[in-house]
1. Report the extension gain between residue 275 and residue 244 in nm, rounded to one decimal, defined as 0.36 nm multiplied by the number of residues separating them, less their alpha carbon distance.
2. Which helices pass in the chain if a helix is a full DSSP H run, must span at least 20 angstrom along its long axis by Cα, and must have mean Kyte-Doolittle hydropathy not below -0.5?
3. Could you sort the peptides 84-92, 226-234 by per-residue average Cβ neighbour count (10 Å cutoff), highest mean leading?
4. Kindly state, to the nearest 0.05, the FRET efficiency for residue 98 paired with residue 230, given R0 = 22 Å and r defined as their beta-carbon distance.
5. Just to confirm my numbers, what's the Cα centroid distance between region 183-220 and region 163-177 in Å?
6. Is the C-alpha gyration tensor of the chain telling us rounded, prolate or oblate? Criteria: a/c under 1.5 is rounded; beyond that, a/b larger than b/c is prolate, otherwise oblate.
7. Can you give the FRET efficiency for residue 33 and residue 112, using 1/(1 + (r/R0)^6), R0 = 51 Å, r = Cβ-Cβ distance, to the nearest 0.05?
8. Under the 0.36 nm per residue contour assumption, what length would be gained going from the current alpha-carbon distance of residue 17 and residue 195 to full extension?
Amino acid sequence: MQISSRRLSTVENPRKSTTLTVMTGLFTLYCLLPLGWLVVNATKSQADFVSTFGLAPGREFALWDNIVQVFTYQDGIFSRWLLNTVLYVVVGATVSTFLAALGGYALAKLDFRGKRTFLLVVLGSISVPGIALAIPQFLLFAHIGMTNTPWAVLIPSFINPFGLYLMWVFTAEAVPTGLLEAAKIDGAGEFRTFLQIALPLLAPAGVTVLLFSFVSIWNNYFLPLIMLKDPAWYPLTVGINQWNKLGSTAGNGALIQNLVITSALLTIVPLIIAFLGLQRYWQSGLSLGAVKG
């Protein structure tokens, strides 16, 4: 008795599901529709933006003109916001990833007093939303006189409980204890062992933590909003929202709505580049974890 191959579902020959295909298509459409609306409207002039359908192209292609206006409006303040955001992201994501790797290595491979308590604190802090800590952080930085400075945004971004937990789990599986003991026998200190032996092995997980930190800091809005008062230190999220408020007030709405849309489009371009550029490292990390499991 022969069994039809259409009834068998394997990795090489998965079973086709019309329902799953339709649901995936609807979910993809849901995700891409706002992005499509943003791209289409960024190509419109202000006159076309207020007079044409949202998903229909305008009468003229004004994307380049809009970009020029974004970088020249208010004496080019957008460039300053962009540089501020790059500063916050590069410094914050790099430091938080390194500290997460260092802490994860210590939790996974070292024995010290209070380790179990510290693990419970880390796991508990993951469940606390960052916005719940924004006000206490503001009061603390105000007390020490560090509000309205870049440090008020950078220092909170250095702490990444989820990244620490991820690096701890990955270190326990990806870094052989015997290799660390061999390095110590050869005379390497603890920190040197971490830098030269453990850290290269943690690169796939480090890229994942780096991407999460990159996106989190890039999209951070509430903390910079309450910490910063000088527009010269605003990140893109806060700065563009100020433009949006300006464009929503009477007398200004017909002037800069196209600039708000175009600047919003420009802010997501670095995120797309980061994900595409680091995708192969991220995939290799996921594959390594699957093999080890």
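1. Working: separation 31, 0.36 × 31 = 11.16 nm, distance 2.72 nm.
Residue separation times 0.36 nm, minus the Cα-Cα distance, leaves 8.4 nm.
2. Values: long enough: 18-42 (35 Å, 1.46); 77-109 (47 Å, 1.29); 203-218 (22 Å, 1.79); 253-292 (57 Å, 1.19).
Those that pass (Cα extent of 20 Å or more, hydropathy at least -0.5) are 18-42, 77-109, 203-218, 253-292.
3. Details: 84-92: 19.1, 226-234: 16.2.
Highest to lowest by the protection proxy: 84-92, 226-234.
4. On the way: r = 29 Å, r/R0 = 1.31.
The computed FRET efficiency comes out at 0.15.
5. About 10 Å separates the Cα centre of region 183-220 from the one of region 163-177.
6. Numbers: a/c = 2.51, a/b = 1.28, b/c = 1.96.
It comes out oblate by the Cα gyration axes.
7. Values: r = 51 Å, r/R0 = 1.00.
For residue 33 and residue 112, the calculated efficiency is 0.50.
8. Details: separation 178, 0.36 × 178 = 64.08 nm, distance 4.80 nm.
Answer, rounded to one decimal: 59.3 nm.
The values are calculated or read from the model by the stated rules, or taken from the named source; none is laboratory data. No experiment lies behind these values; they were computed from the predicted model shown. A quick note on method: Cβ atoms are made from the backbone with ideal geometry, for glycine too, and the neighbour counts reach across all protein chains shown. Calculation scope for accessible area: heavy atoms of the full protein, side chains included, ligands and nucleic acids excluded. Shrake-Rupley method; radii C 1.70, N 1.55, O 1.52, S 1.80 Å.
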